[in-house]
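Here is the structure we will look at.
Derivation of every value follows stated rules applied to the coordinates shown; laboratory data play no part. Because the structure is predicted, anything quoted here is derived from the model rather than measured. Note that each Cβ is placed from the backbone with ideal geometry, even for glycine, and that neighbours are counted across all protein chains shown.
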Amino acid sequence: MIDPIADLLTRIRNAGMANHEVTRSPHSKMRQRVVEILRDEGYLEGFSVEKNEGVGSELVIQLRYVDSNKPAIHSMKRISKPGRRTYSSATELPKVKSGLGVAIVSTSKGVITDREARRLNVGGEVLCEVW
């Protein structure tokens, strides 16, 4: 797989459009941290890590819906891609929908939200935007 973060975002987006309660994704620390941020920001109900027999483990992600089964996530957009990485300093981090959405940033302090990165005054690779 060339871009595991794009794969995770696509799985969540597709499950939301199909009104699924849960979706599964291969487990990695980076994917888990992105899902933790989405849960903490209120876009997902929760998640768990399931160990598989044999190869690896999976993230089991519970989606969140609001107002007559509309997904809590309106849009997810991958910003930094393998062919074109996008980095920002702390002062130039994007404000998604004037602060209503969240940008997920990979920094030297770990994978955090844009608000947390501004508070810590660190920049990094802008992974995605969610609103």
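Values as computed for the structure displayed
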read-out	value
Check on Glu53, under 17 Å from Trp131 (Cα atoms) and out of contact with any helix residue (DSSP H, G or I) (no Cβ under 9 Å at 6 or more places or on another chain)	no
Criterion violated by Ala117 - all others in (1) outside any strand (DSSP E or B); (2) more than 17 Å from the chain's Cα centre (by Cα) satisfied	(2)
Residue match in the range 73-85 (condition: in contact with a Lys or Arg (Cβ under 6 Å, 6 or more places away or on another chain) and surrounded by 10 or more Cβ atoms within 10 Å (Cβ to Cβ))	yes
Residue pairs meeting the criteria (Cβ under 9 Å; at least 6 apart or on separate chains; first among the charged types (D, E, K, R), in the range 28-41; second part of a helix (DSSP H, G or I))	Arg31/Pro4; Arg31/Ile5; Arg31/Asp7; Arg31/Leu8
Of all residues making up the range 71-88, the number that are under 12 Å from Ile12 (Cβ atoms), touching a residue at least 60 places away in the same chain (Cβ under 8 Å) and outside any strand (DSSP E or B)	1
The one condition in (1) in contact with a Lys or Arg (Cβ under 6 Å, 6 or more places away or on another chain); (2) farther than 25 Å from Asn14 by Cα that Val111 fails to fulfil	(2)
Failed criterion for Glu116 (all others in (1) within 23 Å of Gly16 (Cα to Cα); (2) surrounded by 12 or more Cβ atoms within 10 Å (Cβ to Cβ); (3) free of Cβ contacts under 8 Å to residues at least 24 places away in the same chain hold)	(1)
